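The values are calculated or read from the model by the stated rules, or taken from the named source; none is laboratory data. Fair warning: this is a prediction, and the values are worked out from it, not measured in the lab. Here the Cβ positions follow ideal geometry from the backbone for every residue, glycine too, while neighbour counts run over all protein chains shown.
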Amino acid sequence: AAKHKGRGSFRFFTGELLTAAEDRRQLEEALHDAVTRGEFELHYQPLVGAQSDTVIGAEALIRWNHPEKGMISPAQFIPIAEESALIRHIGDWVLRTACHEAARWPGNLKVAVNISPTHFCDAAFPATVANALASSGLAPERLELEITESVFLADGSDTASRFRALKTLGVRLALDDFGTGYSSLAYLRTAPFDKIKIDQSFVRGVSDPGSRNGAIIAAIVGLAAALGMDTTAEGIETHDQLELMRAIGVGQIQGYIYSRPMNAAAFLEGAGHSEWGITPEGPARQRNE
Ligand code: C2E
Ligand code: MG
Ligand code: MG
Ligand code: MG
């Protein structure tokens, strides 16, 4: 019986592995075709001035409208794309699309674009950025590239010259998910970031009694201010969290309390009002009349 069971579970195990590999291959294939099939779209989540309640810009967040599976979140497919050359293909599309859509937004609204480490370290990356700016007509200072500290760990990349090339173009650089990973202060000493985005994990439970998160956020905000960098707190969902972020002096707020990510048309509609005020209860618009 034991032998039988063993053989049975072996067969089951192999079958499961094969299925996983097959699923994966199919997913990679579907991902590859998704750009040409027009299955990706960018949603935009407002970045809001913490003191002013006005929209400063938005972060572009990719969504995959899969013909059978529906909307798939980037947390599911970006890691797979990152393991292959697909991320450059997808990343190029994201940059081009975000620049073209943001070029239609009024005023100085900024667009923040997430850049994968592999894409960032690609030799052609600065040229890709320059092309996206030139063909869309978007002013460089309205484009903010969000990178995580993993770019410093990526192999064979000359990050210092990469940063210089991008600063020469005039784009803004944001350090995303700060506080997770190694969070080495050495990166802040040398890399020309314009902004630090405080990771959502510090916001979770920030208003719980005895939480140390508030002290850590305050220290990050102090550090950023001393280095002349802006700050954004991500993942703000409650009024308590918002009040704390304001008291600490965080520059910008991003989170469901103001708005979930919305499609390009909805964002453009909101942005059409010259002064886009937004309330913590949701994306209600107030005109300055
Ligand atoms: P991220 O860059 O840190 O983006 C913030 C994530 O937090 C987004 O998830 C956003 O929808 C979510 N979020 C914002 N406010 C709240 C809130 O109040 N509560 C909660 N629970 N979540 C909130 P999303 O869109 O699922 O994206 C996940 C990650 O996928 C992003 O994290 C980013 O690392 C990656 N990603 C998204 N779009 C792109 C892209 O175009 N290119 C690349 N390379 N990565 C992308
Ligand atoms: Mg981001
Ligand atoms: Mg983040
Ligand atoms: Mg994140």
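Residue by residue, here is whether (1) more than 11 Å from ligand 3 (Cβ to nearest atom); (2) closer than 18 Å to GLY251 by Cα; (3) of a type in the set (Ser, Thr, Tyr) holds:
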{"site": "LEU153", "(1), (2), (3)": "yes, no, no"}
{"site": "THR180", "(1), (2), (3)": "no, no, yes"}
{"site": "ARG189", "(1), (2), (3)": "yes, no, no"}
{"site": "VAL206", "(1), (2), (3)": "yes, yes, no"}
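Given the criteria at negative phi and either surrounded by fewer than 22 Cβ atoms within 10 Å (Cβ to Cβ) or assigned to a loop (DSSP other than H, G, I, E, B) (or both), does ILE253 qualify?
Working: at negative phi: yes; either surrounded by fewer than 22 Cβ atoms within 10 Å (Cβ to Cβ) or assigned to a loop (DSSP other than H, G, I, E, B) (or both): no.
No; evaluated as a whole, the condition is false for this residue.
Summed over segment 167-190, residues that are away from ligand 2 (no atom under 16 Å from the Cβ) and charged (D, E, K, R) total 2. Only one of the numbered conditions (1) more than 16 Å from ligand 4 (Cβ to nearest atom); (2) at pLDDT below 90 is not met by GLY170, and that is (2). Among the residues of segment 68-87, just one is assigned to a loop (DSSP other than H, G, I, E, B) and under 13 Å from HIS43 (Cβ atoms), namely SER73. Within segment 197-244, being under 25 Å from ASN114 (Cβ atoms), away from ligand 2 (no atom under 16 Å from the Cβ) and among the basic types (Lys, Arg) holds for one residue alone: ARG204.
Please go through segment 28-65 and give me each residue that is more than 16 Å from ligand 2 (Cβ to nearest atom) and buried (at least 18 other Cβ atoms within 10 Å of the Cβ), ordered by number. It would help to see each step written out before you state the result.
At the first step, the residues of segment 28-65 found to be more than 16 Å from ligand 2 (Cβ to nearest atom) are 28-41, 49-55, 64-65.
Of everything in segment 28-65, those that are more than 16 Å from ligand 2 (Cβ to nearest atom) and buried (at least 18 other Cβ atoms within 10 Å of the Cβ) turn out to be ALA30, LEU31, ALA34, PHE40, ALA50, VAL55, TRP64.
Residue-by-condition table, conditions (1) modelled with pLDDT of 95 or more; (2) within 16 Å of ligand 4 (Cβ to nearest atom):
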{"position": "VAL206", "(1), (2)": "no, no"}
{"position": "SER211", "(1), (2)": "no, no"}
{"position": "VAL221", "(1), (2)": "yes, no"}
{"position": "MET229", "(1), (2)": "yes, no"}
{"position": "GLU234", "(1), (2)": "yes, yes"}
{"position": "GLU237", "(1), (2)": "yes, yes"}
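Once segment 123-134 is narrowed to residues that are crowded, with 20+ Cβ neighbours inside 10 Å and closer than 16 Å to ILE147 by Cα, the residue that is modelled with the lowest pLDDT is PHE125.
Close Cβ contacts (under 7 Å, 6 or more residues apart or on different chains) running from residues in segment 260-271 that are touching a residue at least 24 places away in the same chain (Cβ under 8 Å) to residues that are of a type in the set (D, E, K, R) comprise ASN263/GLU41; ALA264/GLU101; LEU268/ARG104; GLY270/ARG285. Answer with yes or no whether PRO192 is more than 16 Å from ligand 1 (Cβ to nearest atom) and either touching a residue at least 60 places away in the same chain (Cβ under 8 Å) or in contact with a Phe, Trp or Tyr (Cβ under 7 Å, 6 or more places away or on another chain) (or both). It is true that PRO192 is more than 16 Å from ligand 1 (Cβ to nearest atom) and either touching a residue at least 60 places away in the same chain (Cβ under 8 Å) or in contact with a Phe, Trp or Tyr (Cβ under 7 Å, 6 or more places away or on another chain) (or both).
Would you pick out the residues in segment 80-117 that are within 18 Å of GLU141 (Cβ to Cβ) and within 16 Å of ligand 4 (Cβ to nearest atom)? So that I can check it myself, show each step before the final result.
Taking segment 80-117 first, the residues within 18 Å of GLU141 (Cβ to Cβ) are 95, 98-113, 115.
Listed by number, the residues that qualify are ALA112, VAL113, ILE115.
If you take just the helices (runs of 4 or more DSSP H) that sit entirely in segment 119-238, which of them hold at least 2 residues that are closer than 23 Å to GLN51 by Cα?
Working: elements: 125-136, 159-169, 185-190, 200-203, 213-226.
Fully inside segment 119-238 and qualifying: 200-203, 213-226.
Of all residues in segment 110-155, those being within 15 Å of the chain's Cα centre (by Cα), within 13 Å of ligand 1 (Cβ to nearest atom) and of a type in the set (D, E, K, R) number 3.
What about LEU143, is it surrounded by 15 or more Cβ atoms within 10 Å (Cβ to Cβ), within 19 Å of ALA98 (Cβ to Cβ) and within 16 Å of ligand 3 (Cβ to nearest atom)? No. Output the number of residues of segment 59-109 satisfying the condition of being aliphatic (A, V, I, L, M), within 12 Å of ligand 1 (Cβ to nearest atom) and free of Cβ contacts under 8 Å to residues at least 12 places away in the same chain. Residues meeting the conditions: 3. Counting only residues that are within 16 Å of ligand 2 (Cβ to nearest atom), in contact with an Asp or Glu (Cβ under 7 Å, 6 or more places away or on another chain) and either over 15 Å from LEU42 (Cα atoms) or in a loop (DSSP other than H, G, I, E, B) (or both), segment 88-117 holds 2 of them.
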